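The next block holds one structure in the form of structure tokens; read it before the comments.
The values are calculated or read from the model by the stated rules, or taken from the named source; none is laboratory data. Keep in mind that what you see is a predicted model, and the values were worked out from it rather than measured. Cβ sites come from the backbone with ideal geometry, for glycine too, and all protein chains shown count toward neighbours.
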Amino acid sequence: MPNQRKPISDGRLNFEQQKKLAKDLLREYKCNSELALRRFQQNHPQASNIIDFPAFQPKLSDAQLVIARENGLPSWTKLKQHIQSIEQVSLDIARGITKAFDADLKTLHLRCGSDIQHKLVTAGFSGDFLEFADPYCQGAVPPDSDLSRFLGIRANFISQAYGITLKDARNRLEREYSQLHLSHQYERVVLWFEHDSYDQLILAYVLHHFWKTQLFPQRLELICIDSFPGIKRFVGLGHLSPEVLRTLWEQRRPLTRQDFQLGHQVWKALTASSPEALIQIINAETLEIPTMAKALRRHLQELPWVNNGLSLTQQLTLEILADEGTITAGKLFGNLVVEKEPLPYLGDTMYWYILTELLQSKHPPIELIPETTEQPWNQRLIKLTDTGRALVKEEVNWLQLNNINRWVGGIHLIAGQSLWMWSSQRNQPVLQQT
């Protein structure tokens, strides 16, 4: 039977189901299930040091505590309150009695995509929405001191990589950047971001923009999460239901001078020709915005790796194909996001660009099944080539087979020159002769 991935949770939990899970866990423990024992060891303070079943005799309340903590909440009472609060919002939405939570001030909601725009309306928000979505995680990212030149470089990349006309790419960027430059005219701007490198690099630019212009709205607030109760593998805000997004409103916080300084520093480091400044920021742990450091590290892991010359995304792609054989690009992308990628950040169009680069390389590690080449991307069948299998086994190095010419932020990787590469042993970039 083929592997079946569980659907990504939208953040809603059913209390009756959680009660049943607690009873099931208790019963499994009493039947000497090793998995149940480990779950108690990992999630119950009184069971952390037990080594066998007789050493701990749990009650139902103990099993309920384990279930609550597995859902990311400290107690069964907190889990119940959490579920009830979301259910109440859901009921209000169904009855059409939601109020405009943001109507007290002229509000702009800024997000690096349109994935939550209509959900915010459903949840009862009435403010304007700005999609600011320049994907700095791909393509050249030069300094923005000359904005027209900067937008030209970004538009050229977006047009070539994602199959958009240059005119449309440039017009979209100019519209988004212009709206950002006018955002201080709102009384309140709320930034909605998650923890991955796509979001965090855009967040850095937005903070840099406000720091550079010193034009601030009356209130500038941030919602930035890397997890949500009940979701074991949190991917992003776009998967959350409207009522769940509504609960995040209470988690927003005002941005501080330190936040703006961090964004400015990250942006300068991101656009530099070397990763050294980024590494310094990562090592300082970005305490102002804890999600930033992890995202920056993941961004730098798109440099060629010392052991095989592939970026992390390329490596994971080949590993999936080695395990699965011939599969569709859609399933390949799904496996990457749900199972392999340590910090999911790619949209499907961005991923097709990476696959296209691999397919068009001098010695392609993957190939399309010819009968599917005219199908939409997600239906095209892909398999490894002999080169791909050799790369997975680290019998060859990608950089010795192909003339690299790509960007990671402000770092230009060109064949024949010294390259910044990712060292898994040192967990940071190193400069290597090629």
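Which of the residues spanning segment 207-243 are surrounded by fewer than 24 Cβ atoms within 10 Å (Cβ to Cβ) and within 20 Å of ASP144 (Cβ to Cβ)? Passing the criteria: HIS208, HIS209, PHE210, TRP211, LYS212, THR213, GLN214, LEU215, PHE216, LEU220.
Residues that are of a type in the set (A, V, I, L, M), at pLDDT 95 or above and closer than 26 Å to LEU300 by Cα occur at least once in segment 95-114.
Conditions (1) free of Cβ contacts under 8 Å to residues at least 24 places away in the same chain; (2) part of a helix (DSSP H, G or I); (3) among the hydrophobic types (A, V, I, L, M, F, W, C), marked per residue:
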| site | (1), (2), (3) |
| --- | --- |
| PRO342 | no, no, no |
| GLN375 | yes, no, no |
| ILE382 | no, no, yes |
| THR387 | no, yes, no |
| TRP420 | no, no, yes |
| ARG426 | yes, no, no |
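Looking at LEU318, LEU336, which one is free of Cβ contacts under 8 Å to residues at least 24 places away in the same chain and assigned by TED's automatic domain parsing to the domain that holds GLN425?
Working: LEU318 fails: free of Cβ contacts under 8 Å to residues at least 24 places away in the same chain.
The match here is LEU336.
Among the conditions (1) under 30 Å from HIS181 (Cα atoms); (2) in contact with a Leu (Cβ under 9 Å, 6 or more places away or on another chain); (3) not in a strand (DSSP E or B), the only one that HIS82 does not satisfy is (1). Scanning segment 344-370 for residues that are part of a helix (DSSP H, G or I), of a type in the set (Ser, Thr, Tyr) and surrounded by 15 or more Cβ atoms within 10 Å (Cβ to Cβ), we see that the one that is nearest to the chain's Cα centre (by Cα) is TYR351. The one condition from (1) under 28 Å from the mean Cα position of the chain (by Cα); (2) not assigned by TED's automatic domain parsing to the domain that holds LEU180 that SER61 does not meet is (1).
Residues in segment 39-54 that are surrounded by 11 or more Cβ atoms within 10 Å (Cβ to Cβ) and in a helix (DSSP H, G or I): ARG39, PHE40, GLN41, GLN42, ASN43, GLN46, ALA47, PHE53.
Confirm whether SER274 is farther than 15 Å from GLY11 by Cα, touching a residue at least 24 places away in the same chain (Cβ under 8 Å), surrounded by fewer than 19 Cβ atoms within 10 Å (Cβ to Cβ) and of a type outside the set (A, V, I, L, M, F, W, C). Yes; evaluated as a whole, the condition is true for this residue. Counting the residues of segment 208-221 that are touching a residue at least 40 places away in the same chain (Cβ under 8 Å) and in contact with a strand residue (DSSP E or B) (Cβ under 9 Å, 6 or more places away or on another chain) gives 4. The set of residues from segment 100-126 being assigned to a loop (DSSP other than H, G, I, E, B) and under 23 Å from GLY347 (Cβ atoms) comprises CYS112, GLY113, SER114, ASP115, ILE116.
Contact map, segment 170-190: residues that are in contact (Cβ under 8 Å) with a residue 60 or more places away in the chain paired with residues that are acidic (Asp, Glu) and in a strand (DSSP E or B), Cβ distance under 6 Å, separation 6+ or inter-chain. Pairs shown: VAL190/GLU221. Summed over segment 122-141, the residues that are free of Cβ contacts under 8 Å to residues at least 60 places away in the same chain and either surrounded by fewer than 16 Cβ atoms within 10 Å (Cβ to Cβ) or under 30 Å from LEU278 (Cβ atoms) (or both) give a count of 4. Does ALA94 meet the test of being out of contact with any Gly (no Cβ under 6 Å at 6 or more places or on another chain), surrounded by 14 or more Cβ atoms within 10 Å (Cβ to Cβ) and small (Gly, Ala, Ser)? No: the conditions fail for ALA94. Of the helices (runs of 4 or more DSSP H) entirely within segment 208-302, those holding at least 2 residues that are basic (Lys, Arg), modelled with pLDDT of 95 or more and on the phi < 0 side of the Ramachandran plot occupy 257-270, 290-300. Within segment 11-70, the residues that satisfy the criterion of being of a type in the set (D, E, K, R) and closer than 30 Å to ARG246 by Cβ are ARG12, GLU16, LYS19, LYS20, ARG69, GLU70.
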